[in-house]
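Let me begin by presenting the structure, written as C-alpha cells, before commenting on it.
Every number in this text was worked out from the coordinates using simple rules, so none of it is lab data. Model, not experiment: these values are computed from the prediction. When we count neighbours, we look across all protein chains shown, and the Cβ atoms used for this are built from the backbone with ideal geometry, even at glycine.
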Amino acid sequence: MNQRIITGTLFALTVAAFVIPGYWWPGVPLLMLVLVVCLARTELDHALAVRQLGLPPVLSRIGALLFLLPLLVLLPQVQERIAQIRLGQTWLGLLLLMTGQIAWTAVMALTLLILQGPPAMPRIVATAAAITYLAFPCGTAVVILMTLEQGWLWLIVALVTPWLSDVLAYFTGYFFGRHKIVPQISPKKTVEGSLGGLVGGMAALALTLPLIARSPYAIFYQSPAHWLAIVSGGIVLSTASQLGDWLASGIKRWCDVKDFGAYLPGHGGTLDRFDSVLFTLPFTLLLAIWSQLAGY
C-alpha cells in the first residue's frame, strides 16, 4: 500500500504541474491530454493485441488525435460564423468532435475493409471502439477548457472527482469492505468501497463548486439548491468514475493482462490512472452546461 500511495502522490504532482499553469496558458494541459491519448492508445493496442485485435498504427493514431477538433472554434473566421448563426462555442465544439469521430471511423473502416476484406471486421470494430473510448472524452476536455466560462475549474472537477472518489473507495473498501459488488469483473471491489467513492465525489464538488460560482464557502453552503447540486453531481460523477474503472477492469480481464502499463508501480500505466477520468469528463461537461442553464 505504501508504494501505491507514493506513486499516486508523485503522479498527482506531475498532473498538477501540467494543469495548474492552464489557468494562464491553456496549451499546457492540452499538451498533457496529447500525451495521455498517445500513451493510452499504445497501452490499449498492446492489450488488444493479445486478442489479435491490435490497432492499425497510423489510422488509430490519427483518429485518437481528432480529439483536438474543438480547437477549430477558436479560429477568428469560425467565431464570426458562430455569432451569425447564434451557435455557442460549446455546442459547435461538440458537433465538430462528434462529426469528426464519425467521419474518421467510416474512413478507417472502409480502408481496412478494402485492404483486408471481411475478416477485418473484428479489428475494425475494436479500433472504432478504442478511438471513441479515448478520443471522445478527451475531446470534451478540450471543449470544457477552451469554451466554457470557468473552464479551467471545471477541468479540475473532472480530474479531482474521480481520483478523490478512488482514494476514498480504496480506503473504505480496504478497512470496511465485506460485500463484493462486481466479482466477475474486479474481485476486490466492494459495496462499502463504492459508497465511500460516492462520498468522495460529493467532497470534491463541495470543494470546487463554490470556486466556480465565485461564492464564499459559508454563503454557498447556505443554499439548499447548492447542496442538491453537490450531492446529485457528486453521485453522478463518482458513479461515472466507478463505471469507467469497471469497464477498464473488464477490458484487462478479457485481454488477460494485469495492467495496461507498468511504469507506475502499484498503479499500472497511463490508462490505468485515467480510465475513470475518461468517463467523468463528458459528465462534467453536462454538469457544467446544466449549472449554467440552472443559474448556479
Mean projected area (nm²) from the convex hull of Cα positions in the range 99-184 is 8.8 nm²
Using alpha-carbon coordinates alone, the radius of gyration and Dmax of the range 163-237 in Å work out to 14.6, 45
Among chymotrypsin sites (Phe, Trp or Tyr not before Pro) in the range 240-282, those in a DSSP loop whose Cβ has at most 14 other Cβ atoms within 10 Å are Y263
Relative contact order as a percentage, the chain, C-alpha pairs under 8 Å and 6+ apart, gives 21 percent
By Cβ neighbour count within 10 Å, fewest first, V19, V160 rank V19, V160
